[in-house]
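As C-alpha cells, the structure follows; a few thoughts come after it.
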Amino acid sequence: MSFSVFLGYAGLAVALSLLIWLALRGINIVFAALLSAAVVILSNGLPLAAGLGEYFAFGPLGAFTFAGKFFLLFAAGAMFGRVMGDSHAASSIALAMVRKLGPSRALWITVLATALLTYGGVVVFVVIFAMYPLGIKLLQQADIPKRLFCAALALGAGTFTLTALPGTPSIHNVISSVALGTDLFAGGWLGILASVIMFGLGMWYLESQRQRAATRGEGFVAGPRDRHIADDPGVENYPHWALALVPPALVLGAILLPRLLSTMLGEGEGPAFALLAFANAQPVVWPSLALFAGTLVTVLMFPAVRRHALYSIGEGTQDSIIPLINTAAVIGFAGVVTQTQGFAQFSDIMLRSSLPPLISMFTSVSVMSAITGSASGGLQIFMSTMADSYLAMGIEPATLHRLATIAAGGFDSLPHSGAVVATLTITGLTHREAYRDMGVVTVVIPVLATLICMAVASL
C-alpha cells in the first residue's frame, strides 16, 4: 500500500472519528461537518475548490442539494408543529390519551403512533415535527425525561418500520426492491423476526430507563424551544380532543389516501388519476402541501392561534432553519467522503475477502451507511455497486433484499446521522444528553437483530 493510499484511509477514519467526537462534545454540528470534510479533502488529495464548493455543497449528496430538496418539508412541518402547540390542540390530544391509557404509557403511545405513521408512508422528518408538540405534553403529564422521547421517537419512526416490516413503503425498501427486482414483501419472515426483536428489546429498554429515571427523581424539564407548549394555560382553555384531532387527521389522510386509492383503483385516466399519480410521485412536495393545509385548518379552527396566526406561522418557519442546516451539513460531509478513492476501493476489498457472503454483505452495508450517516444513502451505494456480486455468491434475492435493508438501518444512526442531528436539534437536546438512549434503540438493537436474522437465514 502506497503512502498516499494509507494517508487517504487514515484521513477517512480520522475525519469520521472527529465528527462523532465533536458531535458528542456538543460542538456546533455545521462547524464539525466542515472541519471533518476539510480533513477528508486534504488527506485524500481532493481539489479544495471542488471539495468544498461542489462535493460538500452541491453534489449528489451535497448539503444544499439536500437543503433544497427538503426545505419545503422542514418549513411546512415546523409551521404545523408550531400552530398545533400554540392552539393547545396537541395538549388536548395528549391529555385525552393520558386519561385513557394512563401517564405511564406515554412512551408506548409515542412508539406506536410514530410506527403507524412511518409504516403508512409518512416521511420521518414529517413524523418528528408532527409528534413533537404532542410528545412534549405527554412527557410533561407523565413526568418523563425528554431524552426518552427522542429514543421513543427514534424507535418507532427510524427502525423496524423503515427497514424490517414487510411491505413498508419506505425509501429503503423501495431501493432494494428496484435494484433486485423483488417486491416490497421480500424476505418477509426475516423482516417480521427483526421487527419483533427491535420492538421488543426497544420497549424493554425504554421502560427500564423510565423506571430508573423515576427512582432517581429525574423528570420532565421543558427547554426554551418547547415552553410555548409546556407553559400553556389550564385545560379549560383547550379545545375538545375530538376537534383537536381534525388537523393531524387531515394531514395524515392527505398523505396516505393517494397511496391507498392507487392500490385499490389501479391506473386510469382523468384529473383524479392524474392527481393520485402526482401525489404518489412526490414524496416531499405532497406531504409538504398536506402540512400547509393542516396549518391553515388549525388556524381557522382555533381562536387561540387565529389571533396571532401570522406570528405563529412565522415562528414555525424560523424553527425549521437550524434543523435543516444542521442536517444538511452532515449530509454534505458524506458527499465529500463518497468522492474519495478509498471509499471507491472499499467494495473491491470486501468482495475479495474470505468472509462468508452474509458477513461480508453486512460489513459492506454497515460501513457505507456509517460513513454517509444515512441508511438510504449507504443502501443505494451498495445496491448500485455490489449487490450483483453477492447474488452471484449464491444469496437469494429476497434474502439479500431484506438483510441488506435491515443492515443499513444499524450503523446509519451514529452521532453524525442527519436524522439524529435533526431530532436532537428539534427537541433542543444535545448528544451528551440524549444520544446514549437513541444509540441503544437505533444502533445496538438493530445490529443485534440483523445478526440474529443472518444466523437464522444461514441455517
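The values are calculated or read from the model by the stated rules, or taken from the named source; none is laboratory data. Computed from a predicted structure; not experimentally measured. So basically every Cβ, Gly included, is an ideal-geometry build from the backbone, and we count neighbours across all protein chains shown. Ligands, DNA and RNA are excluded from the accessible area calculation, which covers all protein heavy atoms including side chains. Shrake-Rupley method; radii C 1.70, N 1.55, O 1.52, S 1.80 Å.
Okay, here's what the table says:
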quantity	calculated
Average projection area in nm² (convex hull over Cα atoms of segment 277-414, one quarter of hull surface)	11.5
Principal axes of segment 17-159: Cα extent on each, largest first, Å	61, 30, 27
With DNA, RNA and ligands ignored, accessible area of F66 (1.4 Å probe; Å², nearest 10)	30
Between segment 135-200 and segment 382-406, the Cα center-to-center distance that results, in Å	21
The chain: angle of helix 309-337 to the longest principal axis, Cα-based, in degrees nearest 10	10
Estimated distance in nm for a label pair at T430 and L101, the labels positioned 7 Å out from Cα along Cα-to-Cβ	3.2
Neighbour net charge for T215 - beta-carbon separation under 14 angstrom, K R +1, D E -1	0
Around S176: net Lys/Arg minus Asp/Glu count, Cβ-Cβ under 14 Å	-2
20 Å binning of all Cα-Cα separations within the chain, expressed as whole percents from 0 upward	25, 57, 18, 0
In sequence order, calculated HN-Hα J values of segment 388-401 (Karplus, 6.51, -1.76, 1.60; Hz; x Gly/Pro)	4, 5, 6, 5, 5, 6, x, 6, 5, x, 5, 5, 4, 3
Two-site label geometry, F273 and L42: point separation in nm, points 7 Å out along Cα→Cβ	6.0
D_trans [Stokes-Einstein, Kirkwood Rh over alpha-carbon pairs] for segment 280-334, 37 °C, 0.692 mPa s, µm² s⁻¹	249
Spin-label model distance (nm) - L260 vs K69, 7 Å beyond Cα toward Cβ	2.9
Cubic angstrom per residue, convex hull over Cα atoms of segment 60-106	101
Fully extended contour minus Cα-Cα distance, from A293 to L355, at 0.36 nm per residue	17.1 nm
Per residue, in Å², the accessible surface of the chain once ligands and nucleic acids are set aside, probe 1.4 Å	41
Pairwise FRET efficiency - D388 versus S4, Cβ, R0 = 22 Å, nearest 0.05	0.15
Difference of contour (0.36 nm per residue) and Cα-Cα distance, L300 to W204	30.4 nm
Extension gain, A281 back to L24 (0.36 nm per residue minus Cα-Cα distance, nm)	88.8 nm
Cα centroid separation - segment 1-47 against segment 331-348, whole Å	12
Segment 182-222: proportion of alpha-carbon pairs further apart than 13 angstrom, %	66
For W21, solvent-accessible area (1.4 Å; no DNA, RNA or ligand), Å²	140
Calculated [θ] (222 nm, deg cm²/dmol) that DSSP helices of n ≥ 4 give over the chain, each run adding -39,500 (n - 2.57)	-24000 deg cm²/dmol
Eligible lysines near K100 by straight Cα distance, threshold 25 Å, same-chain separation 8 or greater	K137, K146
In degrees, nearest ten, helix 285-301 long axis to first principal axis of the chain (Cα)	10
With Cα atoms, 0 to 90° folded angle of helix 341-352 axis to the chain main axis	70
